[in-house]
Amino acid sequence: MISGDQHTDAIRTESEKCKPTPARPCRLKTAPMEEGASSLVKLKNAAVSNRIDTMVSDHVVRTPANGDRRQYARNVQIVVSTMMEDPTQVLFTELPVPLLSTAALLRHHHHTAPRYQPYHRLHQPQHFHNPIQELHSLQRPFEEEDQTEEYDQGKTHISCLYPEILAIIFSYLDVRDKGRVAQVCTAWRDAAYHKSVWRGVEAKLHLRRANPSLFASLVKRGIKRVQVLSLRKSLRDVIQGIPNLESLNLSGCYSVADVGISHAFVADAPSLCELNLSLCKQVTDNSLSRIAQYLKNLEVLELGGCCNVTNTGLVLIAWGLKKLKRLNLRSCWHVSDQGIGHLALGNQSLEYLGLQDCQRLSDEALKHATGLTSLKSINLSFCVSITDSGLKHLAKMTNLRELNLRSCDNISDTGMAYLAEGGSRISSLDVSFCDKIGDQALVHISQGLFNLRSLSLSACQISDEGLAKIANTLHDLETLNIGQCSRVTDKGLTTIAESLLRLKCIDLYGCTRITTVGLERIMKLPQLSVLNLGLWHVR
């Protein structure tokens, strides 16, 4: 066991061997340092950068010619070892750097002292009462400086990024991960709550009990789109809790009725432009009256499955919602031809009209629809009362681009002739499951519908000859659905592969007469990205 006196003798012997020759002290050209840096660090940096000798009390520290900081530290160690004979001689305003080896000796000498604590920078160091304890506390900044020099040579850590950059990174995450990064630390939470991170995100909520902080949190993050998955509280809380709400989706909330709508909308809501009430079967024309009164800027209204909406509701929509662009009336069984006439008289901005499964509509409704001059897309699927004569009216609509006649049993080859001869400019046509559509319909399509990009013929009575007709003229076709067309063979696929070079998607589900020979030809199409051979798409 080595006593404290023996340690002192060892230090004295080492100092006698390495005692430097006195030299004339020099004035240092100190470089500008950041405010709050200790005078010790200033002195050390100035000495190394000026490559001169530094005086520590009555001793001189030799500065290496190459400016090596570690060599400079060793020179200081020798001087301090000499000065340890009388520690009271040390003025810490002149000590440039802590010494690792010296601190280790002192720590061993004072074995009862606790291990050093995490470093806290001393912004204004003056004279210290205990020199040995101060040497002990200065060990950490020297280590941190060396680590910082090595660290700066590597890549920047994510914790060093500005909040604005973190917000840009977080904006690419999905909704769940955005919530997770907000729980990492306060800096990440503040960055994750930036409004740009949540732009366009739709919050999906279960409103089963009162939560006062929920809506404040949504407003803070700038969320303006909300889907209510289940609702037990008043809908009014949502409308008042998010004043700038732009989209409200209540699809499937069976508890929503006229009473809830009347309590929620009691004043103008100019920011709300999308409202989805699909499958809210208790909603009637009374709710549409309140909506038409207070939601003047509404552009999208989904009423699919609202079976209690009648022609009166369409009159209210036409009267109040002048900016409406999309209206879905799927399965509104009480809507008839007269209702479409009322809608056409009062609305000139409508671009999409969904009339799927409206059984009371006939060709007269399509005659009224010609008054919707801005209409670009109409869905008439499962409207069994629509016949070929009704297509004469649709052919006159110059802005119409998408026409869905899926499962319209009374549409035949003649109807396709009316569309082609009328100068229709549609780019998407769906006549799937129309069992009266055959090869002659494809002849008419090939002779008049030159703008087609998407054609669906699933379960139609077509063959290779009909496919050859469209393959020779519709060279810009990108999507072709011929699933369950049992008369199509490898010959038809070969014709498609040779002519429709821009085809991106093809549906061949249920084509029982095709083989791998035809599939190999189809798969060589240069732009093909989707090939359906079953119930699911294969990419």
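The values are calculated or read from the model by the stated rules, or taken from the named source; none is laboratory data. It should be emphasised that the depicted structure is a prediction, and the values quoted were computed from it without experimental measurement. Virtual Cβ from ideal backbone geometry, glycine too; neighbours counted across all protein chains shown. Please note that ligands, DNA and RNA were not included when accessible areas were found on the heavy atoms of the full protein model with its side chains. Shrake-Rupley method; radii C 1.70, N 1.55, O 1.52, S 1.80 Å.
Miscellaneous remarks
- Screening ARG453 against (1) within 22 Å of ASP388 (Cα to Cα); (2) at pLDDT 95 or above leaves a single unmet condition, (1).
- Subset of the range 364-374 that is among the small types (Gly, Ala, Ser) and under 10 Å from MET397 (Cα atoms) - its residue that is surrounded by the most Cβ atoms within 10 Å (Cβ to Cβ): ALA369
- The range 397-426, subset under 25 Å from GLU302 (Cα atoms) and in contact with a strand residue (DSSP E or B) (Cβ under 6 Å, 6 or more places away or on another chain), residue surrounded by the fewest Cβ atoms within 10 Å (Cβ to Cβ): GLU402
- Of the listed requirements (1) within 30 Å of the chain's Cα centre (by Cα); (2) modelled with pLDDT under 95; (3) buried (at least 16 other Cβ atoms within 10 Å of the Cβ), GLN282 misses just one: (1).
- Screening GLN338 with (1) assigned to a helix (DSSP H, G or I); (2) crowded, with 20+ Cβ neighbours inside 10 Å gives one miss only, at (2).
- Restricting the range 375-396 to residues that are in a helix (DSSP H, G or I) and either among the basic types (Lys, Arg) or open to solvent by 10 Å² or more (accessible area, probe 1.4 Å) (or both), the residue that is nearest to PHE433 (Cα to Cα) is ASP388.
- Yes/no for LEU353 being under 31 Å from the mean Cα position of the chain (by Cα), open to solvent by less than 20 Å² (accessible area, probe 1.4 Å) and more than 15 Å from PHE382 (Cα to Cα): no
- Unique residue being in contact with a strand residue (DSSP E or B) (Cβ under 9 Å, 6 or more places away or on another chain) and more than 23 Å from PHE382 (Cα to Cα) when the list is ARG502, ARG487: ARG487
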